[in-house]
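All remarks here apply to the structure that follows.
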Amino acid sequence: MKEKLKIGIMGGTFNPIHHGHLVTAGEALNQFCLDKVIFIPSGDPPHKNSKEEKIAEHRYLMTVIATSSNKNFFVSRIEIDRKGKSYTVDTMRELKKLYGEDTDLFFITGADAILEILTWKKTEEIIGLCSFIAATRPGYNISKIQDLKARLFKKTGNNTQKIFVMEIPALAISSTDIRKRVKENRPIDYLVPEGVSNYILKHGLYK
Ligand code: ATP
Ligand code: MG
């Protein structure tokens, strides 16, 4: 019998993508024996004006550049092309349709983002559609995830078996800090892949 396809989904704004994202995705691929990881840059909020909207294309292209050398990393335009705010549950539904109902989807997040996602509405439906891999991230308390699991268990039964905590080498890198560094003319070398740093420079982003 054919093995089930196991796909990791790495959602984010990726503004810009950095080595924290790449290490997280790489560790998930390895630790959970995934077939591939699909990076999904989020769409821009509808109220943004057209100049700002172009940042979505930049975010998408930087994600393509950063992932191009890994044969198991892919990038999807699904949320960018949908425009407006995307809900994880809609994206997961769409991916299930695309890859088949029996594909196992793993939503990969940092310790901060999982708390946001699983406190949104439709939590039960999302948990029915995919598993969660929450990576440790400097500055974020992992015990909050255990609290969240306990709360969800009370609400939904045994579904919390699908929330995994993943230890990764700590990288205190954030896109917020990178944008700040660029604005202040400080270096971002080694925090983002070289191609991403060149892209930011070439297009004068974050100035
Ligand atoms: P920003 O500072 O703009 O919020 P960010 O660095 O948090 O950017 P996002 O695009 O918001 O990056 O994050 C996408 C996903 O990657 C989230 O699930 C987030 O928790 C995770 N992530 C980001 N940076 C790290 C890191 N250094 N270690 C582990 N996970 C991370
Ligand atoms: Mg963030």
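The values are calculated or read from the model by the stated rules, or taken from the named source; none is laboratory data. What you are looking at is a predicted structure, and each value in this text was computed from that prediction instead of being measured. Neighbour counts are summed over all protein chains in view; Cβ atoms, including those assigned to glycine, are modelled from backbone coordinates with ideal geometry. When the accessible area is computed, the model is the full protein with side chains, heavy atoms only, and any ligands, DNA or RNA have been set aside. Shrake-Rupley method; radii C 1.70, N 1.55, O 1.52, S 1.80 Å.
Of note:
- Cα gyration tensor category, rounded, prolate or oblate, for the range 8-104 with a/c compared to 1.5: oblate
- The aspartates and glutamates within cross-link reach of Lys144, meaning a Cα-to-Cα straight distance under 20 Å and a gap of 8 or more places when in the same chain, are Asp112, Glu116, Glu124, Glu167.
- Put simply, the amide H of Gly8, placed in the peptide plane, has neighbours under 5 Å in Asp35, Lys36, Val37, Ile38, Phe106, leaving out anything fewer than 5 places away on its chain.
- Carbon plus sulfur fraction of accessible area for the range 6-174, probe 1.4 Å, in percent: 52
- The chain: calculated mean residue ellipticity at 222 nm from DSSP helix runs of at least 4, using -39500 (n - 2.57): -13500 deg cm²/dmol
- Using Cβ point charges alone (K and R +1, D and E -1), the dipole size of the range 6-174 about the Cα centre works out to roughly 280 debye.
- Met166 long-range amide H proximity, modeled H, under 5 Å: Ala134, Ala135, Thr136
- Look at the Cα gyration tensor of the chain: its axes a ≥ b ≥ c give a/c of at least 1.5 with a/b over b/c, and that counts as prolate.
- The residues of the range 6-174 present an accessible area of 49 Å² per residue when probed at 1.4 Å with all protein chains retained.
- Residues in the range 191-202 carry Karplus couplings, in order, of 8, 10, x, 4, x, 6, 5, 5, 5, 4, 5, 4 Hz; the curve used is 6.51 cos²θ - 1.76 cosθ + 1.60 with θ = phi - 60°, and Gly or Pro positions show x.
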